[in-house]
Amino acid sequence: MAGSVVLVVGSGGREHSICKQLAPSQLVAEVHCTPGNAGTRHFATNHSVSATDVSGLVELATILAADLVIAGPEAPLCVGLADALSLVNIPCFGPVAKLANLEGSKLHAKQVMRDAGVPTADFHVLDSESDIDAALDEFSQNPWVVKRDVLAGGKGVVVTSDRAEAKAFISASIISDGKVLLENFLPGEEASMLVIMDGTDYVTLPCSQDHKRAYDGDIGPNTGGMGAYCPAPVVTEIVHQRAIQRIVEPMHKYLSNQEIPYRGVLFVGLMITESGDPNVVEFNVRFGDPECQITLPLISSDLYTLLYSAATDGLIEQETTFHDKQALTVVLAAEGYPATPVKGRSIDGLIVEDIVSENGTTWVNFAGVGVDENGGYISTGGRVLSCSAIADTLVEARTLAYQLISRIKLDGSHYRTDIGHRAL
Ligand code: AMP
Ligand code: GLY
């Protein structure tokens, strides 16, 4: 495996993080990223193939003689990246399209969970024939949870106590997609569980907690994630055991018995009830963003070995180890995010050492950051960057991450000041 060539697909903070963690591996000779961003270029060679151009990605991987392709986002997997790479014998970290449908279709995920006996909220499928009012009455335990059955880039779910809003979202979704899911509301606390899987085994990474709402105190609109920390104490030893027994084991059994087993990371979005019972809110077929940025740095064994093993059904032979540390990340969002992010503003206060993390304890991951003609950093997206730290305690990691973010200036930007509040 020494001298391996890796191609990372994607352009966000998650892919920046993957490139950064792979670059120091003794086994990796070259890291490539496509399309990458202004951060990945410090650890990888960026290319210009789009993350959804499957034939372009296969061609690039072939030209590079890649030993491993790592899919960052779900979109290329849902359109068959792993399937296409298998035809040219290039291992892919990320499942084939049929299994990526666990994220591509929420209805499919629900059916799999029902067949596998995995705990999740009850649901109804509504279509143009359905009596929407009767369904809303039946699921009258407020608020209503409505989910589109398509990849909607984080905008496919509405949780609301406003009947008119629920009804309007249901009607619009049926018009655009033909059907929609109405789900029972699950009270509890959320956590993210990342499980690396292949046909032989699985490895659970330390569980984390994201902060999905835009503003402090968990209020405001839903976002892709405003910050996270790891490990999350809400996932106690007993909750972890229950999640393994009730969710991970049955899912691994189902996924490893497929014609082509699941090879990649299964992101289990958990809702943990007050009594400590975990339910599945969603599955994703990729690392969470920003969860990835604070989970990968906690892995003390070689990341390339872990991901390559999962892509080639070799997990059973590997031992994965972790640092006994705490990590926390805070996302800097553009003015107007999530609804209408303002782009194209200059970002000041960043130095290269922040990105390459010379001190090893704090670092910046880029998401929506570009470079202008003078080499200055400019904002190009809603979630612009994230500032992270790793330390012996969560309090220390929080202090360091907030010190870093307070130094970075972007007009109109906002970030949450209470990341980690449930643990602290
Ligand atoms: P999803 O895209 O399925 O993860 O949903 C987005 C967010 O909506 C989740 O992170 C939860 O905060 C919330 N959510 C989804 N389903 C439920 C549910 N059944 N009960 C309570 N909250 C939910
Ligand atoms: N941070 C949540 C996600 O990646 O879906």
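Read-outs throughout are calculated quantities, based only on the coordinates presented, and are distinct from any laboratory measurement. For clarity, every value in this text was computed on a predicted model and none was experimentally measured. Note: ideal-geometry Cβ built from the backbone for every residue, glycine included; neighbour counts use all protein chains shown.
General observations
- Stokes-Einstein diffusion of region 261-409 at 10 °C, 1.306 mPa s viscosity, Kirkwood radius from Cα pairs, rounded to a whole number: 91 µm²/s.
- Dividing the helix sum by the residues of the chain, where each DSSP H run of 4 or more adds -39500 (n - 2.57), gives a mean residue ellipticity at 222 nm of -7500 deg cm²/dmol.
- Among ASP324, ASP302, ASP277, the residue with the largest mean-square fluctuation in a Gaussian network model of the chain, with springs joining Cα atoms closer than 10 Å, is ASP324.
- At least 20 Å along the helix axis (C-alpha) and Kyte average at least -1.0, DSSP helices within the chain: 163-177
- Overall form of region 197-268 per C-alpha gyration tensor (a/c, 1.5; a/b vs b/c): prolate
- Three-way shape label, region 1-159, alpha-carbon gyration tensor, a/c 1.5: prolate
- Estimated FRET transfer efficiency when R0 is 35 angstrom, pair ASN142-ALA116 (beta carbons, to 0.05): 0.75
- Ranked from largest, the principal axis spans of the Cα set of region 60-135 equal 57, 28, 19 Å.
- Total lysine pairs whose alpha carbons fall under 18 Å of each other in the chain (8 or more apart, or interchain): 18
- Cut-off 11 Å, label 7 Å out along Cα→Cβ of GLU189, residues of region 267-290 by amide N: 272-276
- Gain in span if fully extended, SER301 to ALA172, counting 0.36 nm per residue against the direct Cα distance: 41.7 nm
- Remark: ILE174, ILE196 ranked as ILE174, ILE196, counting other beta-carbon atoms within 10 Å and listing the fewest first.
- Highest-fluctuation residue, GLU15, GLU103, GLU249 considered, GNM on the chain with Cα pairs under 10 Å: GLU249
- Overall form of the chain: rounded. Here a/c, set by the Cα gyration tensor axes a ≥ b ≥ c, is under 1.5.
- Listed residue (SER161, LEU136, GLY178) projecting farthest to the positive dipole end of region 133-186, Cβ model: GLY178
- Cβ crowding within 10 Å, taken as a proxy for footprinting-reagent exposure, orders SER86, SER173, SER388, SER48 from fewest neighbours to most as SER48, SER86, SER173, SER388.
- Cut-off under 5 Å, modelled amide H: who pairs with VAL371 long-range: ILE378
- Residue among ASN46, ASN184, ASN257 with the largest mean-square fluctuation in a Gaussian network model of the chain, springs linking Cα atoms under 10 Å: ASN257
- A crude spin-label estimate for the pair ALA152 and ARG407, with each label 7 Å from Cα along the Cβ direction, gives 4.1 nm.
- Between VAL356 and THR417, full extension at 0.36 nm per residue minus the direct alpha carbon distance yields a gain of 19.5 nm.
- As a proxy for reagent exposure, MET226, MET251 were ordered by neighbouring Cβ count within 10 angstrom, fewest first; the result is MET251, MET226.
- FRET efficiency estimate (nearest 0.05) - Cβ-Cβ, SER275 to GLN245, R0 22 angstrom: 0.90
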